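As structure tokens, the structure follows; a few thoughts come after it.
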Amino acid sequence: MLKHVTRYSRAIASRLGFEQRNFDPSWNAVSPGLGAPAAVNARASENISAVYACTSAISSALAYIPALVYRRDAQGNRIEAINHPLTRLTRVGVNAQMTWPEFVEHIVASALLTGNGLAEIKTNQRGQVVALEFIPWSHVSVEHLSSGRLAYDVSDPLGKGRARRLLQGEVLHLRDRTDDGLIGRSRLSRAGETVAGVAAANAFAKGFLDRGGYPSGILSFPGMMKPEQREALHRSFTERHTGANNVGRVLVLDNGLTWTTAAISPEDAELLESRKFGIEEICRLFQVPPPLVQDYSHNTFTNSETAGRWFAQFTLAPWARKLEAEFARSLFPANSGLELEFDLSGFLRGDPQTRWAAHKIAIETGVLDADEVRHIEGWNPRKKAETVL
């Protein structure tokens, strides 16, 4: 009966234009880690070094890439909009506390870990963008309005103020792949079993080291022991022979006590191999070549140049395109001809031979001239020789 009343009341509220919260289970993605294994929680997952390394590799690389604002003229030519407010933010910082690289790193890392990266768009009285403020997704709850748009309720991180509401046009919302087209879902939650398995292997290794590197076993006594004697023996043995500080301590037994190993060794359990495989699984999850997170156990990407190109093409390019599309949708008016571009060619700066070979081909084929190449390299045009009459 209560279910029907609730459904009826929501229908009336919808007809009257009031807001209603979406109760679809897929919206559990709003709360990172809800209903998923502990290792899937965004903050806890970064305790897994491979998760942290993959997230940092992607977010830091995108923060390093030059971001340029262009305007298309009537002929369709692109001209760099050096006076656009967003251009100023990319150069002097998105707000008083955060630079542009820090902002990009934060919002991309949030999208990678929670499925959503959110930032408030602050404008002046003329509607010009004057600042972007990153908002941790853990401080956000989302409502689906009767108009079909989204509203974001942002809580005060210090708990001193009331939640403030931001509407869809007031935020920049970067999403990972979604289940409902509205809220992104963390890839950590999509592969929860995989991440939990890696966390379990790490926990086992830590426990093994905490026990001093010794497998567990059984102490046997030929006769009967009183409960208090059994407890005292257990306590004494634990204090003297477990923990990293007790590694190598000689085990002395009397009164007929014997020790029997009851657990397989970490070598037999292939603990090290399982941990290496866990790194591969996490890299596969984030589409990051293993060498970029310092895993050189395979020869697939022995050449760092090849790994870098693969990373730029299959990992960074899709995220750069997502950022460009979200900036265009949220910050640039329709039909304004404005667009933001993350210049992935900046990755060639770490490879002088390839970069200058490309410049040489461009000059020889007439695509660029020498001064345009100098501009790409960040140099001033070459001074023209004065004509002598």
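The values are calculated or read from the model by the stated rules, or taken from the named source; none is laboratory data. Because the structure is a prediction, the values reported are computed rather than measured. FYI the Cβ positions are ideal-geometry reconstructions off the backbone, even for glycines, and counts take in every protein chain you see.
This table checks each residue for (1) charged (D, E, K, R); (2) outside any helix (DSSP H, G or I); (3) at pLDDT 90 or above.
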| position | (1), (2), (3) |
| --- | --- |
| Leu251 | no, yes, no |
| Asn255 | no, yes, no |
| Ala307 | no, no, no |
| Pro318 | no, no, yes |
| Arg321 | yes, no, yes |
| Thr354 | no, no, no |
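In region 26-83, the qualifying residues are those that are among the polar types (S, T, N, Q) and modelled with pLDDT of 90 or more, and the one that is surrounded by the most Cβ atoms within 10 Å (Cβ to Cβ) is Thr55. Checking each residue in region 71-101 for being over 30 Å from Ser186 (Cβ atoms) and in a loop (DSSP other than H, G, I, E, B) picks out Asp73, Ala74, Gln75, Gly76, Asn77, Ala81, Ile82, Asn83, His84, Ala96.
The condition of being modelled with pLDDT of 95 or more, part of a loop (DSSP other than H, G, I, E, B) and touching a strand residue (DSSP E or B) at 6+ places or on another chain (Cβ under 8 Å) does not hold for Val104.
The residue list Ser330, Ser345, Ser336 contains one member that is surrounded by 11 or more Cβ atoms within 10 Å (Cβ to Cβ) and in contact with a Gly (Cβ under 9 Å, 6 or more places away or on another chain), which is Ser330. Residues being assigned by TED's automatic domain parsing to the domain that holds Tyr52, modelled with pLDDT of 80 or more and more than 24 Å from Ser59 (Cα to Cα) are entirely absent from region 285-303. Taken over region 117-137, the criterion of being of a type in the set (S, T, N, Q) and either buried (at least 24 other Cβ atoms within 10 Å of the Cβ) or out of contact with any helix residue (DSSP H, G or I) (no Cβ under 8 Å at 6 or more places or on another chain) (or both) is satisfied by Thr123, Asn124, Gln125.
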